[in-house]
1. If a/c stays under 1.5 just call it rounded; otherwise compare a/b with b/c (prolate if a/b is bigger, oblate if not). Do that for the range 55-170, with a ≥ b ≥ c from the square roots of the Cα gyration tensor eigenvalues.
2. Classify the range 1-41: rounded, prolate or oblate, from the alpha-carbon gyration tensor (a ≥ b ≥ c, eigenvalue square roots; a/c under 1.5 rounded; otherwise prolate if a/b is larger than b/c)?
3. Please work out how much accessible surface residue 161 shows to a 1.4 Å probe, ignoring ligands, DNA and RNA, in Å² rounded to 10.
4. Where nothing but the Cβ of Lys and Arg (+1) and of Asp and Glu (-1) is charged, how large is the charge dipole of the chain around its Cα centre, in debye to the nearest 20?
5. Could you report the accessible area of residue 134 in Å², rounded to 10, computed with a 1.4 Å probe on the protein chains as they sit in the structure?
6. With r defined as the distance between the Cβ atoms of residue 157 and residue 66 and R0 fixed at 35 Å, what FRET efficiency is calculated, to the nearest 0.05?
7. Shape verdict for the range 60-103, please, from the Cα gyration tensor: rounded (a/c under 1.5), prolate (a/b greater than b/c) or oblate.
8. No solvent, one uniform scatterer per C-alpha: report log10 I(q)/I(0) for the range 123-170 via the Debye equation at q = 0.21, 0.23, 0.31 1/Å, two decimals.
Amino acid sequence: ALGVKFVQEVNAVSLAVETLHPSVKSVVELGGQDAKMIFWIKGKKISTMNDKCAGGTGATLDRIVRKLGIPEDKARQVGFDPSRIHPVAAKCGVFAETDVNSLQKAGIPVDEILMSLFNAIVIQNLAVLTRGYTLRPKVLLLGGPNSYFKGLVECWKHHLKRIWEEKGIP
């Protein structure tokens, strides 16, 4: 009725990135309920998506931030310090919440718990969504969590720098 054409979500993101950011070689989009990566390798576009559960996405972050009672403005500003990380499983939101409960009971400061969650989400997405590919510069971080949480972006930068150093990627 409107005369519009349907474009699948990953294709829409790809087209937007190709048009607005042609030098980008990798995209990481963390949504509320899913996560996706897009790689441009030797002229081919390869996409991967976590659509089976919300672990490692904004829904997990939102739920845990509320649980920790961190005001939104403070949660946004929590930075990332890899020396203050505690074990958190992000494969599943329920597992992450269980680990957060244990850290809370142990008296770990809430900013360290949030940093640990950022770390778990980044590691989870690097382990699962890359599917053997390497995020290559320039990487574009999209989606609410990557836009909203300063510490999450810092965590991506920390891990990508380490990976690129290991693989000799400038």
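1. Since a/c reaches 1.5 and a/b is larger than b/c, the shape of the range 55-170 is classed as prolate.
2. It comes out oblate by the Cα gyration axes.
3. 120 Å²
4. Result for the chain is approximately 520 debye, rounded to the nearest 20.
5. Per-residue accessible area (residue 134): approximately 30 Å².
6. In this case the efficiency is close to 0.85.
7. Judged from the Cα gyration tensor, the range 60-103 comes out oblate (a/c at least 1.5, b/c at or above a/b).
8. -0.78, -0.93, -1.35
The values are calculated or read from the model by the stated rules, or taken from the named source; none is laboratory data. Predicted, not measured: the structure shown is a model, and the values here were computed from it. Cβ sites come from the backbone with ideal geometry, for glycine too, and all protein chains shown count toward neighbours. Note: accessible area is taken over every heavy atom of the protein model, side chains too, but ligands, DNA and RNA are not part of it. Shrake-Rupley method; radii C 1.70, N 1.55, O 1.52, S 1.80 Å.
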